[in-house]
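The values are calculated or read from the model by the stated rules, or taken from the named source; none is laboratory data. Everything numeric here is computed off the predicted structure, so don't read it as measured data. Using ideal geometry, Cβ is built from the backbone for each residue, glycine included, and neighbour counts are taken over all protein chains shown. Note: accessible area is taken over every heavy atom of the protein model, side chains too, but ligands, DNA and RNA are not part of it. Shrake-Rupley method; radii C 1.70, N 1.55, O 1.52, S 1.80 Å.
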Amino acid sequence: MTLPLCVLIATGGTIAMKVDPMHKAPLPALSGQDLLASVPGLSDIARLEVIDLCNKPSDHMGPDDWATLSSVVDAALAREDVAGVIVSHGTDTLEEAAWFLDLTLATDKPVVLVGAQRNASSPDFDGPRNLRDAARVCLAPDAHGRGVMVGMNNQVHAAREVTKTHTSDVEAFKSGDFGLLASVDEDRVVFSRSPLRRQHVLLRGGTLPLVEIVAMYGGASGALLRATVAQGARGIVVQALGFGNVNVAVFEAIEWAIGQGVAVVVSTRVPNGRVLPVYGFVGGGSTLKAAGAVFADNLSPQKARILLMLALQDHLDAASLQALFDR
Ligand code: ASP
């Protein structure tokens, strides 16, 4: 019997790093084929075809890389003989790549992003088991139509909710209030929920509009926000506080930015819950809303930025942007 075919797209990250003897620090070292060779028993599960897209830390990845990755994944999935795609990736921006792909790919086939917290020189390198799990998730009967997934440490997360929560632990990825999509057990992959808040945004090609994230914190002056406008940003995501609140100086900077035609989206540094225009003090959510800011719902600042960047490919007003964030 011919085993199903999965495509592994290798992009780099700790999963592809080894400790370099000269630098005495982890550096990119392994190709996609090397990665596959590190996984015992993989050839009993699936046939794997490798695309070496790049080999860099995910800290060096950005919108152009995500757009290229999206088109490469799309082309692989368009092949009838391909059951699913695995993307090996650094963990630092894994959630951003996953969300970008989830928004831009229109497919029911499984796409699983995978990384490692320990590099390949470490005695407890977690790359091989994560890769093996990713292949099992790709081929799991219930994996269709779940959007782009992140598979780490026997757990499967949905792109919208997942975030890196630990610098070193092998169980670094969590989905907050929403929990796991599935667990990769000894006998089978058990799905327990479906991501309901998915949407598709067309990737139009060309450079994506500049969108920056600016943090609010006690005593923030608003100077960074104003500098971001001066730098030519089309959109700004404010990492606000609590329900979506800022102080007077940042509020005034936001009002000014909106007056300059810049789209301002309010997110929060609080890991769980939605932002809402609740408070009426100057800088409170309801005053930001009245000034024309858009609310990011429960998207983290880094994920709100990606949706805003994609949305600003078209010239949308605040109401249409809000409708996208409310979906
Ligand atoms: N700095 C690494 C990266 O994101 C961390 C990792 O892969 O775990 O590429």
Report Rg/Rh for the chain, rounded to two decimals, where Rg is the Cα radius of gyration and Rh the Kirkwood radius.
1.00
At most 14 other Cβ within 10 Å, DSSP loop - chymotrypsin sites (Phe, Trp or Tyr not before Pro), the range 81-177:
none
Can you tell me the dipole magnitude for the range 36-175 around its Cα centre, using point charges on the Cβ only (Lys, Arg +1; Asp, Glu -1), in Debye to the nearest 20?
240 debye
I'd like to know which of Thr11, Gly62, Pro128 lies farthest towards the positive end of the charge dipole of the range 1-142, counting +1 on Cβ of Lys and Arg and -1 on Cβ of Asp and Glu.
Pro128
Dipole of the chain (Lys/Arg Cβ +1, Asp/Glu Cβ -1, origin at the Cα centre): which of Leu35, Val150, Thr268 lies farthest to the positive side?
Thr268
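Of all chymotrypsin sites (Phe, Trp or Tyr not before Pro) in the range 244-286, which ones are in loop regions per DSSP and have a Cβ with at most 15 other Cβ atoms within 10 Å?
Those that pass, being in a loop and sparsely packed, are Phe281.
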Estimated FRET transfer efficiency (Asp314, Thr68; beta-carbon r; R0 22 Å; 0.05):
0.55
Report the number of Lys pairs in the chain whose alpha-carbons are under 18 Å apart, with separation of 8 or more residues or on distinct chains.
5
I'd like the trypsin sites (Lys or Arg not before Pro) in the range 1-52 restricted to DSSP loop residues with at most 16 other Cβ atoms within 10 Å, sorted by number.
Lys24
Can you give me the orientation-averaged projected area of the convex hull built on the Cα atoms of the range 145-231, in nm²?
9.5 nm²
In whole percent, and with a 1.4 Å probe on the protein chains, what portion of the accessible area of the range 9-64 is carbon and sulfur?
56 percent
Any idea which of Gly176, Leu321, Gly218 is furthest toward the positive side of the dipole for the chain, if Lys and Arg beta-carbons carry +1 and Asp and Glu beta-carbons -1?
Gly218
Calculate how large, on average over all directions, the projected area of the Cα convex hull of the range 210-300 is; give the answer in nm² to one decimal.
4.8 nm²
What fraction of the Cα pairs in the range 89-234, stated in percent, has a spacing above 27 angstrom?
33 percent
